[in-house]
Amino acid sequence: MQKKLITCDCLVIGAGPAGLSAAIAAAESNLSVIIAEYLPSPGRKLLISGSGKCNITNRLLPEEFAQRFLSNFRFVRPAIFDFPPEDLRNSFDRLGVPLVAPDGFHFFPKSMCAKDVLNALLDRCQTLKVKIIPNCAIDSLQLHNGAICGASTSTQSFESSRVILACGGMSYPALGGRGSGYKLSQQANHTIVLPVPALVGLKSAEAWATKLPGVILADSTVKFFDCYSGRGELIFTHSGVSGPAILDISGQVTTVR
Ligand SMILES: Cc1cc2nc3c(=O)[nH]c(=O)nc-3n(C[C@H](O)[C@H](O)[C@H](O)COP(=O)(O)OP(=O)(O)OC[C@H]3O[C@@H](n4cnc5c(N)ncnc54)[C@H](O)[C@@H]3O)c2cc1C
């Protein structure tokens, strides 16, 4: 069966916050933009973020913010300097989503409702005539002489000289985390660094640690073999430890073999 051919100036793969933001930026540059989304509706993970309240950003200055990414500092620094937290806060203000920081640090929508964040991004897409195609799983990229010129699903073929991969990571498959972005990147000859879990609780081999579920130690310092340390609330769980002090270092700990 012949695939249906669709053309556009810019194809975005994935309608999470990254894909929607990229689509808006491209459409604001007068490009015709299509977003292909695997799930029946966009922004599913965004809707559950921050327990449905969506912690959008923080009060850190760009340099301090980049430092928080530890070993990924060099990778994230240019992006954070190009679009620092203050600019992000202002852009949501312009989208009609004023932000508040109840603790003076973490910014949420004033309504404390992640749906308002998603709706603002979708409204902007609609204004800019960005077309979102749901239930559209891109399974391959098309390359011509080493340059990406499109992508396709089992039934559709997209022709576009600009393709933005915004497929998210591997967590929460029900919300779109399928890891397909890694496979598509490999088709374009990118090298994939083995993905590891981050921002997760840690399991403990110590039996005593699993016998204290629900116990919270405020303002703790956690050290992992003198390599990494995290500070903040420490929460004991049925399988080990969690809470901000652990979440902050979990990405480093899971890379240790
Ligand atoms: C429980 C929870 C709470 C969180 N809370 C916060 C928070 O408060 N603040 C915060 O900043 N972050 C939070 N996060 C993290 C945040 O949700 C993610 O960082 C964010 O969603 C990543 O955005 P993304 O657009 O890169 O990817 P995603 O949101 O994962 O979107 C990627 C999209 O691409 C689609 N897709 C994937 N592969 C394909 C394909 N081959 N073809 C077509 N479509 C495809 C997926 O269906 C998905 O819709 C939280 C995450 C979780 C799980």
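The values are calculated or read from the model by the stated rules, or taken from the named source; none is laboratory data. Note that the structure is predicted; figures quoted are calculated from it, not measured. Backbone-built Cβ (ideal geometry, glycine too); neighbour counts: all protein chains shown. Side chains included, ligands, DNA and RNA excluded: accessible areas come from the protein's heavy atoms. Shrake-Rupley method; radii C 1.70, N 1.55, O 1.52, S 1.80 Å.
Against the numbered list (1) crowded, with 18+ Cβ neighbours inside 10 Å; (2) in a helix (DSSP H, G or I); (3) in contact (Cβ under 8 Å) with a residue 24 or more places away in the chain, F65 comes up short only at (3). The listed residues are Y172, Y182, and the only one of them that is at pLDDT 95 or above, under 26 Å from G251 (Cα atoms) and surrounded by 11 or more Cβ atoms within 10 Å (Cβ to Cβ) turns out to be Y182. Filtered by the rule that a residue be part of a strand (DSSP E or B), away from the ligand (no atom under 13 Å from the Cβ) and in contact with a Cys (Cβ under 9 Å, 6 or more places away or on another chain), the range 140-190 gives Q142, L143, E159, R162. For the structure I just gave you, tell me whether G14 is more than 27 Å from V253 (Cα to Cα), small (G, A, S) and touching a Cys at 6+ places or on another chain (Cβ under 7 Å). Criteria met by G14. More than 30 Å from C10 (Cβ to Cβ), part of a helix (DSSP H, G or I), not assigned by TED's automatic domain parsing to the domain that holds L11 and not acidic (D, E): is that true of I249 in this structure? Criteria met by I249. Scan the range 21-60 for residues that are within 7 Å of the ligand (Cβ to nearest atom), open to solvent by less than 20 Å² (accessible area, probe 1.4 Å) and part of a helix (DSSP H, G or I) and jot them down. L46 - this is the single residue of the range 21-60 that is within 7 Å of the ligand (Cβ to nearest atom), open to solvent by less than 20 Å² (accessible area, probe 1.4 Å) and part of a helix (DSSP H, G or I).
Being away from the ligand (no atom under 11 Å from the Cβ), under 28 Å from L11 (Cβ atoms) and either in contact (Cβ under 8 Å) with a residue 12 or more places away in the chain or not in a loop (DSSP other than H, G, I, E, B) (or both) is true of P195. Here I80 meets the list (1) farther than 24 Å from L175 by Cβ; (2) open to solvent by less than 50 Å² (accessible area, probe 1.4 Å); (3) not in a helix (DSSP H, G or I) almost entirely, failing just condition (3). Listed by first and then second residue, the pairs linking a residue in the range 33-55 that is on the phi > 0 side of the Ramachandran plot to a residue that is of a type in the set (A, V, I, L, M, F, W, C) and within 6 Å of the ligand (Cβ to nearest atom), with Cβ atoms under 7 Å apart and 6 or more places separating them unless they lie on different chains, are G43/A15; C54/L46. Filtering the range 198-215 to residues that are of a type outside the set (S, T, Y), touching a strand residue (DSSP E or B) at 6+ places or on another chain (Cβ under 9 Å), open to solvent by less than 90 Å² (accessible area, probe 1.4 Å) and more than 16 Å from the ligand (Cβ to nearest atom) leaves L202, A209, L212, P213, G214, V215. As a summary of the residue check, I6 satisfies the conditions (1) outside any strand (DSSP E or B); (2) more than 9 Å from the ligand (Cβ to nearest atom) except for the one numbered (1). Every listed requirement among (1) open to solvent by 50 Å² or more (accessible area, probe 1.4 Å); (2) within 23 Å of V12 (Cβ to Cβ) is met by S157 save one, (1). Within this structure, A137 fails the test of being assigned by TED's automatic domain parsing to the domain that holds A27, closer than 29 Å to L194 by Cα, out of contact with any Gly (no Cβ under 8 Å at 6 or more places or on another chain) and not in a loop (DSSP other than H, G, I, E, B). Screening V33 on (1) of a type outside the set (F, W, Y); (2) modelled with pLDDT under 95; (3) assigned by TED's automatic domain parsing to the domain that holds S157 shows it passes everything except condition (2).
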